[in-house]
Amino acid sequence: MERTLVIVKPDGVQRGLTGEVISRLERRGLKVVALKMMNVSRELAEQHYAVHKGKPFYDGLIDYITSSPVVVMIVEGKNAIKAVRNTVGATNPVDAAPGTIRGDFAMDIGRNIVHASDGPETAAFETSLWFSEDEICAYTRNTDTWIY
Ligand code: RTP
Ligand code: MG
């Protein structure tokens, strides 16, 4: 089982798409094991987006992610990192396939609704950056054997 970090970004929360995002992940068969709403401090935003420091869009990205509350969660499943990235769709919504979250609900690369970890190292770093161990629930659902 893999765990990955998913954030419903400020535009997703403001547009009332939090439930839609969670619902799509849950219906796919992924399991939410941690979940909270929060305001993002600049310090946390800068740690989360450290790899993008110095890029032209960095300052705007930090302003955006700290502008209004986010809903952040850890999602678990077999190959969860890849499964979530594929459900979210391409970074630029105009390139995202219809049927993906970004392809169905977004228009602009700077307002693309969702963040999802892009690989195993990033997922490990991001899940521990946003959540403490005691905020994560390990549990069995009685539907799990119908998914795998
Ligand atoms: P995310 O990290 O949010 O899941 O998105 P991603 O992996 O698909 O994209 P990434 O390359 O990590 O970029 C992080 C976020 O920065 C914004 N961005 N703007 N050229 C631009 O204006 C530009 N490029 C990236 C997007 O909000 C992207 O999700
Ligand atoms: Mg990324």
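The values are calculated or read from the model by the stated rules, or taken from the named source; none is laboratory data. From a predicted model like this one, the values you see are computed outputs, not experimental measurements. For neighbour counting, all protein chains shown are included, and Cβ atoms are generated from backbone atoms with ideal geometry for every residue, glycine included.
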Quick check, is Val84 within 14 Å of ligand 2 (Cβ to nearest atom) and modelled with pLDDT of 95 or more? yes
Applying the selection to the stretch 77-123, what residues are more than 10 Å from ligand 1 (Cβ to nearest atom), part of a helix (DSSP H, G or I) and touching a residue at least 60 places away in the same chain (Cβ under 8 Å)? Ala80, Ile81, Thr87, Ile101, Phe105, Pro120, Ala123
Close pairs (6 angstrom Cβ cut-off, 6 or more residues apart or separate chains): at negative phi and crowded, with 16+ Cβ neighbours inside 10 Å in the stretch 1-26, part of a strand (DSSP E or B) and small (Gly, Ala, Ser) anywhere: Val6/Ala116
Answer residue from the stretch 61-83, given it is buried (at least 18 other Cβ atoms within 10 Å of the Cβ) and among the small types (Gly, Ala, Ser) and is farthest from the chain's Cα centre (by Cα) among those: Gly77
